[in-house]
Amino acid sequence: MERTNTPIRKLLNSEKLNKEVIVKGWVRTKRGKKNVNFIALNDGSTIHNIQIVVEVDKFDPELLKAINTGASIGVKGKLVESKGKDQNVEILAQEITLYGEANPEEYPLQKKGHSLEFLREIAHLRFRTNTFGAVTRLRHAMSFAIHKYFNDNDFYYLHTPIITGSDAEGAGEMFRVTTLDLNNPPKNGDNHVDYSQDFFGKETNLTVSGQLEAELGALALSKVYTFGPTFRAENSNTPRHLAEFWMIEPEMAFYDNEDNMDLTEDFTRYLVEYALEHNYDDLEFLNKMYDNELIDRLKFVKDNTYERITYSEAIDILEKAEQRWEFPVEWGVDLQAEHEKYLVEKHFKRPVMVVDYPKDIKAFYMKQNDDGKTVRALDLLFPKIGEVVGGSQREEEYDKLYTRIKELNLPENDLWWYLETRKYGTVPHSGFGLGFERLMLFITGMYNIRDVIPFPRTPKNAEF
Ligand code: 4AD
Ligand code: MG
């Protein structure tokens with residue numbers, strides 16, 4: 001059959017009836033009557049199926065027998081108004097090509113309503129479900145909207161390296177990259193592994209963040225952003241953590257942390273608006289199936305401003321809250337999920353941006369405040385998810401940055417190039433990192449981060 005098939009999404013919205021069309025896709029269901037069969041066909045272009053009406057006596061019975069749930073077919077036929085109540089249009093089949101059968105005894109997606117856990121075990125087939133179709137289309141839409149937003153706002157897309165020699169977050173949660181023979185590595189005089197004989201002549205890892213390199217770009221191109229995979233070997237088996245996740249990191253010269261907050265708010269609201277405007281069908285499906293407050297929550301974020309508070313104010317609120325904490329609250333502790341949830345869902349009932357965290361719980365590069373205790377950090381907390389954005393103004397003063405690196409015993413040798421930008425034409429600058437899968441949790445209403453990325457990487461899990 002010719003390749004000129006039309007996406008089902010377009011046909012369902014088409015008003016050009018009684019024309020010959022071609023569709024190709026995968027059979028969701030086939031209902032049979034004696035004289036007519038009804039095939040629900042989906043090609044991934046929309047959550048909705050198109051109905052194919054098949055007059056049984058016009059086709060080879062063997063062909064029709066092979067058209068089962070999961071089979072792939074092409075149909076040439078006439079697009080007509082539907083007599084059924086579930087759809088406006090349908091296709092009267094004139095010619096059918098069977099591309100691939102799916103044995104009904106074996107194909108695992110026979111019925112509807114499989115558990116998400118089961119679908120994770122068949123990640124190679126779960127794209128064929130309504131849920132993963134919707135999530136995948138939304139992931140695409142959000143990726144596109146992210147590039148569009150930055151392009152429209154004079155940012156340049158910067159490709160930062162996946163393999164790095166530095167630990168951007170200084171947290172030591174890195175996956176090593178090596179070609180050494182792990183069973184028999186070369187050793188130096190101290191009986192330590194001799195990385196000078198490794199592929200890059202030094203220790204290298206998968207990046208945890210593109211920020212440090214993005215800063216180099218911003219200090220020349222003014223506004224840049226990265227959008228790429230990042231890797232963290234933290235052993236967090238939670239519904240919010242992946243070992244491989246995608247991060248969007250804008251970095252802006254001449255921005256202070258106030259400007260940074262304005263951008264964080266405008267950018268994330270734009271993405272929510274984009275999804276509501278362009279992917280409503282998929283959101284409606286997810287709202288019905290998984291989270292019946294999803295659309296209301298997205299509309300709320302679209303229509304309301306975010307709260308802005310300091311860490312110290314947050315601690316104050318939490319200390320006064322009539323609530324038992326699993327993790328006790330006092331000035332200096334990091335905010336845990338339960339605290340973030342309280343601030344966002346109970347106290348403010350809206351997204352919250354928290355700034356000025358204690359310097360001891362944040363990364364070395366953050367701009368130090370004059371109080372000597374806090375840094376100009378910025379976290380954005382969203383309902384249901386908690387932290388979706390982490391960012392800060394950066395320390396642009398050479399001496400302060402150098403002293404902090406020394407205090408924390410970070411390897412100065414790996415950061416010399418970063419320090420040099422503070423020697424030559426340094427400027428105040430800021431940026432943040434949006435966790436793409438955390439954003440996707442918010443946009444889709446899904447609960448587990450494993451269900452918003454096609455092939456999740458988590459501890460003890462890298463099958464597909
Ligand atoms: O707060 P983080 O660690 O900040 C940075 O990496 C900075 N370098 C960003 C910057 O300023 N350019 O991570 C940023 C975001 C978090 O807010 C969270 O949304 C997400 O990345 N994130 C994860 N998402 C999934 N799985 C994990 N293990 C994550 N760790 C962080
Ligand atoms: Mg963070």
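Return yes when residue 387 is under 27 Å from residue 229 (Cα atoms), within 16 Å of ligand 2 (Cβ to nearest atom) and either touching a Lys or Arg at 6+ places or on another chain (Cβ under 7 Å) or acidic (Asp, Glu) (or both) and no when it is not.
Against the criterion (under 27 Å from residue 229 (Cα atoms), within 16 Å of ligand 2 (Cβ to nearest atom) and either touching a Lys or Arg at 6+ places or on another chain (Cβ under 7 Å) or acidic (Asp, Glu) (or both)), residue 387 qualifies.
If I filter the range 188-222 down to residues being over 30 Å from residue 430 (Cα atoms) and either assigned by TED's automatic domain parsing to the domain that holds residue 366 or polar (S, T, N, Q) (or both), which single residue comes out as nearest to ligand 1 (Cβ to nearest atom)?
Among those residues, the one meeting the criterion is 196.
Return a yes/no flag: does the range 322-337 have any residue that is in a helix (DSSP H, G or I) and assigned by TED's automatic domain parsing to the domain that holds residue 298.
yes
Here's a check for you: in the range 369-403, which residue that is touching a helix residue (DSSP H, G or I) at 6+ places or on another chain (Cβ under 8 Å) and either among the basic types (Lys, Arg) or part of a helix (DSSP H, G or I) (or both) is nearest to ligand 1 (Cβ to nearest atom)?
394
Hey, can you tell me all the residues within the range 188-201 that are charged (D, E, K, R) and modelled with pLDDT of 95 or more?
Result: 194, 198.
Suppose we filter the range 341-366 for residues that are away from ligand 2 (no atom under 16 Å from the Cβ) and in a loop (DSSP other than H, G, I, E, B); how many remain?
2
Just to be sure I understand, how many residues within the range 408-434 are within 15 Å of ligand 1 (Cβ to nearest atom) and more than 16 Å from residue 251 (Cβ to Cβ)?
2
Output the qualifying pairs, or none if there are none: Cβ atoms under 7 angstrom, residues six or more apart or on different chains, first residue in the range 128-140 and without any contact (Cβ under 8 Å) to a residue 12 or more places away in the chain and within 19 Å of residue 70 (Cβ to Cβ), second residue assigned to a helix (DSSP H, G or I) and among the charged types (D, E, K, R).
Listed by first residue and then by second, the contacts come to nothing, as the list is empty.
With the checklist (1) more than 30 Å from residue 293 (Cβ to Cβ); (2) touching a residue at least 60 places away in the same chain (Cβ under 8 Å); (3) of a type outside the set (A, V, I, L, M, F, W, C) in hand, flag the one item residue 412 doesn't pass.
(2)
Looking at (1) farther than 24 Å from residue 281 by Cα; (2) open to solvent by 40 Å² or more (accessible area, probe 1.4 Å), can you tell me which one residue 88 breaks?
Just one mismatch for residue 88, condition (1).
Which number in (1) more than 24 Å from the chain's Cα centre (by Cα); (2) within 26 Å of residue 217 (Cβ to Cβ) marks the one condition that residue 181 misses?
Single failed check for residue 181: (2).
Go through (1) of a type outside the set (Val, Ile, Thr); (2) within 19 Å of residue 435 (Cα to Cα); (3) over 20 Å from the mean Cα position of the chain (by Cα); (4) exposed (fewer than 13 other Cβ atoms within 10 Å of the Cβ) one by one and return the number of the condition residue 159 breaks.
(3)
The values are calculated or read from the model by the stated rules, or taken from the named source; none is laboratory data. Keep in mind the model is a prediction, meaning the values are calculated, not measured. Methodologically, a virtual Cβ is constructed for each residue, glycine included, from the backbone with ideal geometry; neighbour enumeration extends over all protein chains shown. Just so you know, the surface numbers come from the protein's heavy atoms only, side chains and all, with ligands and any DNA or RNA stripped out. Shrake-Rupley method; radii C 1.70, N 1.55, O 1.52, S 1.80 Å.
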